[in-house]
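Data first, discussion second: the structure below is written as structure tokens.
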Amino acid sequence: MRCAGEEDAMTGFRAIDLGTWNRAEHFEHYIDRVPCTYSFTVHVDITSLRSALTGRGRKAYPAQLWMLATTVQRFREFRMGFDADGALGVWDELHPAYTVFNAEAETFSGIWTRYDADFGAFEDAATKDIAEHARATRFFPKEGRPPNSFDVSSIPWLEFSAFTLDIPRAIRHVAPIFTLGRYVERDGRTLLPVAIQVHHAVCDGFHASRFVAALQELAAEHEAWL
């Protein structure tokens, strides 16, 4: 068994020592005995952020992707995965893989953009990727998606208060999956529906709640990064 922190053959991947990990029993229970994922939807207040983006002529989608990715980087529970030998570990960094819609074909493609802690740099790269693949008809038109990535989908035509993915053959998929919905206007506030799907083997309700709080804080403090 590899020691905690030992570098795996995959760059930026550190194996977890289940012999010393305080959540080893929880992990083994929910990964094998009672495989369990769960999802929930929250409404993130983006009132001020939306106004700032609109006032500066900037697109919302790159900002939403960056906020999710930035919050993912903060918590190891959202950066877990398996190596080629099936060992659990933590990635140093995860990159967002997300959908772009082809309005003419009425279908979508999955692309990805390398994460950058600097929003401006990420925004430029994501905007370029989206423009380049906006009319793509292939499912995955951008090659080279890294193994250390997580999925984001957007349904900007639909307001929702709950959203569930059913992925029976991906029960060992422990990376988070996010789905964004259409803005909800409520009591003078603009809310963004965010569906979050995680694996109970690596992420408990406490961790999920902490993630949501950090995401909301990032949206509220947009002047620090926008």
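The values are calculated or read from the model by the stated rules, or taken from the named source; none is laboratory data. It should be emphasised that the depicted structure is a prediction, and the values quoted were computed from it without experimental measurement. Note that each Cβ is placed from the backbone with ideal geometry, even for glycine, and that neighbours are counted across all protein chains shown. Ligands, DNA and RNA are stripped out before the accessible areas are found, and what is left, the full protein with its side chains, is counted by its heavy atoms. Shrake-Rupley method; radii C 1.70, N 1.55, O 1.52, S 1.80 Å.
Points worth noting:
- Hz values of 3J(HN,Hα) by residue in region 178-185 - Karplus curve (6.51, -1.76, 1.60), Gly and Pro given as x: 10, 10, 9, x, 6, 4, 10, 9
- Note on PHE75 and GLU25: the model spin-label points, each 7 Å out from Cα along the C-beta direction, lie 2.3 nm apart.
- Cα lying deepest toward the dipole's positive end in region 22-179, options PRO146, PHE82, GLN64, charges on Cβ: GLN64
- Within a Gaussian network of the chain (alpha carbon springs, distance under 10 Å), most fluctuating of GLU77, GLU104, GLU93: GLU104
- Amide H contacts of HIS95 (H built 1.01 Å from N, under 5 Å, at least 5 apart or other chain): SER149, PHE150
- For the chain, adding -39500 (n - 2.57) for each run of n ≥ 4 DSSP H residues and dividing by the number of residues yields -8000 deg cm²/dmol at 222 nm.
- With the simple model of a label 7 Å out from the Cα in the direction of the Cβ, ASP166 to ALA214 spans 3.3 nm.
- Residue among THR20, THR41, THR99 with the largest mean-square fluctuation in a Gaussian network model of the chain, springs linking Cα atoms under 10 Å: THR20
- Rounded FRET efficiency, nearest 0.05, which uses the C-beta distance separating THR99 from LEU18 and R0 of 35 Å: 0.50
- Solvent-accessible area of region 91-226 (1.4 angstrom probe, protein heavy atoms only): carbon and sulfur portion equals 52 percent.
- Cα centroid of region 190-226 to Cα centroid of region 100-156, whole Å: 21
- Modelled FRET efficiency - R0 22 Å, LYS128 with LEU226, Cβ distances, 0.05 increments: 0.70
- Summing +1 for each Lys or Arg and -1 for each Asp or Glu among the other residues whose beta-carbon sits under 14 angstrom from that of ARG135 gives -2.
- Dipole magnitude of the chain, debye to nearest 20 (Cβ charges: Lys/Arg +1, Asp/Glu -1, about Cα centre): 440
- Computed lengthening from ASP83 to TRP157, 0.36 nm per intervening residue step minus Cα-Cα distance: 22.9 nm
- Averaged over its residues, the chain has an accessible area of 51 Å² per residue, based on protein heavy atoms and a 1.4 Å probe.
- Ranking PHE101, ILE130, ILE196 by how far each Cα lies toward the positive end of the dipole of the chain (charges on Cβ) leaves PHE101 at the top.
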